[in-house]
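Accompanying notes for the structure given below.
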Amino acid sequence: MWKYYALLSALFAALTAIFAKIGVKDINSNLATAIRTTVILLLTWGIVLFSGRLNEIKGISHHTWCFLLLSGLATGLSWLFYFKALQTGDVSRIAPIDKLSVVITILLAFFLLKESVSTKVIIGALLITAGSIVMLWK
């Protein structure tokens, strides 16, 4: 099932970029990010409430809270910079460059999480890097 979820994630990430580029056209990118974040906040808390999972919040450890908060801060900063880039650049160039996050994630997972990296993963990361470099050229 994870492959289907990953493909759906890619589809909605693509739609996010297109919708955001249109939406950020006439307003400040930080305001656009705040509006987007509010929608996400309402959607996700609605799902938690509707699924009856709110009571599980009591069982979350301090360690987990810490890393979820750090993840939230990283996500927020990523979105702020992404929307700023969308406001001034072409989405067809920004989105592929943004995908360098995949390469950075692979490196961080290797060094920090001690995850193994196969030859296939290395080749894929190199191809993503090469594609991003090509997109940086004007």
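The values are calculated or read from the model by the stated rules, or taken from the named source; none is laboratory data. All of these numbers come straight from a predicted model, not from anything done at the bench. Methodologically, a virtual Cβ is constructed for each residue, glycine included, from the backbone with ideal geometry; neighbour enumeration extends over all protein chains shown. Protein only, heavy atoms only, side chains kept; ligands, DNA and RNA dropped before computing areas. Shrake-Rupley method; radii C 1.70, N 1.55, O 1.52, S 1.80 Å.
Observations
- Contacts under 6 angstrom Cβ, first residue in region 117-138 being at negative phi, partner part of a helix (DSSP H, G or I) and aromatic (Phe, Trp, Tyr), 6 or more apart: Val117/Phe110
- Leu86 passes every criterion in (1) modelled with pLDDT of 95 or more; (2) over 28 Å from Ile123 (Cβ atoms) apart from (1).
- Selection from region 39-62 of residues that are of a type outside the set (Val, Ile, Thr) and under 21 Å from Thr16 (Cβ atoms): Leu41, Leu42, Leu43, Trp45, Gly46
- Residue satisfying condition, being closer than 27 Å to Trp137 by Cα and of a type in the set (Val, Ile, Thr), within set Thr44, Thr75: Thr75
- When Val102, Val91, Val117 are screened for being in contact with a helix residue (DSSP H, G or I) (Cβ under 6 Å, 6 or more places away or on another chain) and modelled with pLDDT of 95 or more, only Val117 passes.
- Count - residues of region 14-36 that are under 10 Å from Phe83 (Cβ atoms), within 15 Å of the chain's Cα centre (by Cα) and not hydrophobic (A, V, I, L, M, F, W, C): 2
- Among the criteria (1) in a helix (DSSP H, G or I); (2) open to solvent by 100 Å² or more (accessible area, probe 1.4 Å), the one Leu31 does not fulfil is (2).
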